Amino acid sequence: METTPWESELTERLRRVFGEQILEFASYLGQNFLVARPEAVVPILQYLRDEVGFDYLVDVTAVDYPEREERFDLIYIVYSFSRNERIRIKTRIREGFEPQTATVVHPTANWLEREVYDMFGIRFAQHPDMRRILLPDDWEGHPLRKDYNILDMDNRWVKDNLGIESGQ
Amino acid sequence: MPEATFLDANELILNMGPQHPSTHGVLRVILKLDGEKILGTECVIGYLHRGVEKIGENRTYAMFAPYVDRMDYVAAVSNGLGYCLAVEKLLNVEAPPRAQAVRVILTELNRIASHLLWLGTHALDIGAITPLFYVMREREEILNIFEAYCGARLTTHAFRIGGLQYEVYEGMEKQVKAFCKMFLPRVDEYEELLTENRIWKDRLVGVGVLTAEQCKQYGVTGPMLRAAGVKWDIRKAQPYSGYEKYDFEIPTRTNGDTYDRYIVRIQEMRQSVRMIEQAVDDIPEGPIMAKVGKVIKPPVGEAYVSIEAPKGELGYFIVSDGSTQPYRVRVRPPSFVNLQALDTMARGGLVADIVAIIGTIDIVLGEIDR
């Protein structure tokens, strides 16, 4: 991704407050994002909400890169009504790491984080209700991981339930 | 545990759905009741989960486009527009002006269709049967326009990445204008039936209140946010597809209750007609497709693009690894996020209100479960 640096009054402020915790400020296709250490994400969200006015958490999602040591990208999108600005906060976490929940800052993170858990198996620490949300409770695996093979799933289902080879 | 009442009544758990006509699909709500009073709710969702995001990773960009129509199936055109805009953003191309104007016309028609269906079913849930027949009559006209344009009525797949697949058909302008002319008096008709209707007001006023502050906390967008007094609409805040060219208002109300949300949606239909009339009068000449290769291969990167769908902010976050298939497609569905506020709205209310509150969120389960 060919990003350009993101410099503004906001990045100055964040740099002053969080220093080393924020690894990168960048911009791609005119959309600004920052990369932070996992522990810093919730404090950054809190700061952005209380001091800058980013009071609307648009989305929480993840991307899986199985070949990377820090396997998952966790992405928070926040928007500010007063500034009419949308930014992304990205962090990288390894398998098994439990990031802090953002529900204390934005209650809407509740379901969004449950969906991330459901689809990627990332558990959020201190989340009030860390259960699957879309899939049944006894579902095996986390479908949006790259190593979750839909063809294998289908073959296994056919074999278990119909007793034949699916031939796919 | 709830506080004991003077009768020392036990907490009652009541299951509503998934097969219940007024949950608009397959939503299951577990209600905790103390007599008629709601102590809490819990939504169980996922019955319609088809793994749309996983499918997206296993299809090329163009192949995935029809799938997005099947999320919010009553506003398929909006879904398609959001997806096309997101891929166009990654490709760094913009649809030509002619395509943008037609996109606005069809998307606004679809907004009206979506609001009409909402109005009919919401009124039906509350016990007013007549509006359903009225709104279906008008919605039919819109679906006829879609059918004439692209051959499909519900899951339209009207747009292509980079513009439009089809030129406007002969007589489309005339048909759309005729619809607009016919439709505005019809909105007055709905209002005559409902707005000052005493039963309607008794059932809606002060029910399911969400303040502006709560809306922001729960990420609630769309008509629900505007009914709480926040004048925010992505079409104005961050215009896309040429919306900045059209003159329209953002209707808002202040109480944030079910009645205000009804008024906001009614007003939005009028504003949509206003936009359609401006757009259809002035469809620019020119090509309908931007220069997009036969094989769509966006460069490595990621983008989040959101539009104002009939139900709120519909966002697409797409990560490209430079191949012909998206590395990750994330859909930020408005209904999913809005539904989360159900508990806040219903708590402390009466069990009879839960139907009105589910109706007022305007959920489509296809979009919530994906």
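What the table shows:
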item: Flag for B:CYS84 being touching a Lys or Arg at 6+ places or on another chain (Cβ under 9 Å), in a helix (DSSP H, G or I) and in contact (Cβ under 8 Å) with a residue 40 or more places away in the chain; result: yes
item: Total residues in the range B:210-228, condition more than 19 Å from the chain's Cα centre (by Cα) and open to solvent by less than 60 Å² (accessible area, probe 1.4 Å); result: 2
item: Subset of the range B:253-305 [touching a residue at least 40 places away in the same chain (Cβ under 8 Å), over 23 Å from B:ARG160 (Cβ atoms) and not in a helix (DSSP H, G or I)]; result: B:ASN255, B:GLY256, B:ASP257
item: Test: residue in the range B:320-342 that is small (Gly, Ala, Ser), surrounded by 23 or more Cβ atoms within 10 Å (Cβ to Cβ), within 11 Å of chain A (Cβ to nearest Cβ) and not in a helix (DSSP H, G or I); result: yes
item: Count of residues meeting criterion [open to solvent by 10 Å² or more (accessible area, probe 1.4 Å), not in a strand (DSSP E or B) and not hydrophobic (A, V, I, L, M, F, W, C)] in the range A:74-114; result: 11
item: Long-range neighbours under 7 Å by Cβ, at least six apart or interchain, first residue aliphatic (A, V, I, L, M) within the range B:320-346, second assigned to a strand (DSSP E or B); result: B:VAL329/B:TYR316; B:VAL329/B:ILE318; B:VAL331/B:TYR316; B:LEU339/B:CYS43; B:LEU342/B:THR41; B:LEU342/B:CYS43; B:ALA346/B:ILE38; B:ALA346/B:THR41
item: Residue that is modelled with the highest pLDDT, among those in the range B:158-178 that are open to solvent by less than 10 Å² (accessible area, probe 1.4 Å) and part of a helix (DSSP H, G or I); result: B:VAL176
item: Count of residues meeting criterion [facing chain B (nearest Cβ under 8 Å) and touching a strand residue (DSSP E or B) at 6+ places or on another chain (Cβ under 6 Å)] in the range A:75-86; result: 3
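Matching residues to (1) modelled with pLDDT under 90; (2) among the aromatic types (Phe, Trp, Tyr):
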site	(1), (2)
A:GLU2	yes, no
A:ARG16	yes, no
A:GLY19	yes, no
A:LEU23	yes, no
A:LEU45	no, no
A:GLY53	yes, no
A:TYR56	no, yes
A:ASP64	no, no
A:VAL78	no, no
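For (1) more than 11 Å from every other protein chain (Cβ to nearest Cβ); (2) out of contact with any strand residue (DSSP E or B) (no Cβ under 8 Å at 6 or more places or on another chain); (3) modelled with pLDDT of 90 or more, each residue gets a yes or a no:
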site: A:ASP73; (1), (2), (3): no, no, yes
site: A:LEU112; (1), (2), (3): no, no, yes
site: A:TYR117; (1), (2), (3): yes, yes, yes
site: A:ASP129; (1), (2), (3): no, yes, no
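Yes/no matrix, rows are residues, columns are (1) within 14 Å of another protein chain (Cβ to nearest Cβ); (2) in contact with a helix residue (DSSP H, G or I) (Cβ under 6 Å, 6 or more places away or on another chain); (3) acidic (Asp, Glu):
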position: B:LYS181; (1), (2), (3): no, no, no
position: B:PRO185; (1), (2), (3): no, no, no
position: B:GLU192; (1), (2), (3): no, no, yes
position: B:ASN197; (1), (2), (3): no, no, no
position: B:ARG203; (1), (2), (3): no, yes, no
position: B:GLY208; (1), (2), (3): no, yes, no
position: B:GLY219; (1), (2), (3): yes, yes, no
position: B:GLY229; (1), (2), (3): yes, yes, no
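The values are calculated or read from the model by the stated rules, or taken from the named source; none is laboratory data. Because the structure is predicted, anything quoted here is derived from the model rather than measured. Note: ideal-geometry Cβ built from the backbone for every residue, glycine included; neighbour counts use all protein chains shown. Side chains included, ligands, DNA and RNA excluded: accessible areas come from the protein's heavy atoms. Shrake-Rupley method; radii C 1.70, N 1.55, O 1.52, S 1.80 Å.
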